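The values are calculated or read from the model by the stated rules, or taken from the named source; none is laboratory data. None of these values were measured; they are calculated from a predicted model. Here the Cβ positions follow ideal geometry from the backbone for every residue, glycine too, while neighbour counts run over all protein chains shown.
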Amino acid sequence: MTARRRRQIAWGLRGAALLALLAYLPGWHASRSGGLVVLEHWLNRPILLIGTAVVLIVASLLIELEFRTRFAQIGCAAVLAPLVVAAVPVLALSLVFSSHGGREDRFVSPNRPDRVLTVTNVAFSTDPVYQVELEAGSGWSARHWSMGIWNTRGGDFVRIDWSGPDQITVTGREKLTVFDVLPDGSPSVPRVLPRQDATAGAGF
């Protein structure tokens, strides 16, 4: 293979790496509160997309270089060995993070089928830690809004309910945290009330 052909392939791989990074950026942006659900679901894949970009860049460097001498081959092995060693625990951790926890419960508003509460267990221990989000809208226009991460160990989270047509209540052992759903589908700043001042509906 000629040097020119190697350079063409190397730059093609770098272009593909750039595309992978550019694909991840809208997914990362959509993962924030208020982001589009569809983009977050499909493109917020940092391990897949950033990992692919790194592999393509390393491959492009290897293809562009010639390793005809023994010294060059030893140098190449010395560079690749740490990368391989570092990649193994990263892949193992990514498998653990993707398979552990992650149970998601969904609760549709009794009056608005386009508003859904999602409660996801993101804990890596026996004590659940719940990430709560409100999804509003449908199709490509649907957005998700963060309502916080709740640790059950402190007693602040016992259950969550649609306590009214446009109201969500997180029930704790000693207090209630009440969110109003605004016209655009986002949750309001929460109000904290004593436990005895509100009633609980059907929920999580």
Task: Qualifying residue in region 126-145 (condition: surrounded by 11 or more Cβ atoms within 10 Å (Cβ to Cβ), under 26 Å from residue 40 (Cα atoms), among the acidic types (Asp, Glu) and modelled with pLDDT of 90 or more) - done: yes
- [ ] Identify, by number, the condition in (1) at pLDDT below 85; (2) surrounded by 11 or more Cβ atoms within 10 Å (Cβ to Cβ) that residue 161 doesn't meet.
- [x] (1)
Open item on the list: Take the conditions under 21 Å from the mean Cα position of the chain (by Cα), modelled with pLDDT under 90 and surrounded by 14 or more Cβ atoms within 10 Å (Cβ to Cβ) and apply them to residue 57. Does it pass?
Closed with: no
TODO: Among the residues of region 13-36, write down those that are over 26 Å from residue 135 (Cα atoms) and either touching a residue at least 12 places away in the same chain (Cβ under 8 Å) or among the polar types (S, T, N, Q) (or both).
DONE: 13, 14, 16, 17, 18, 20, 21
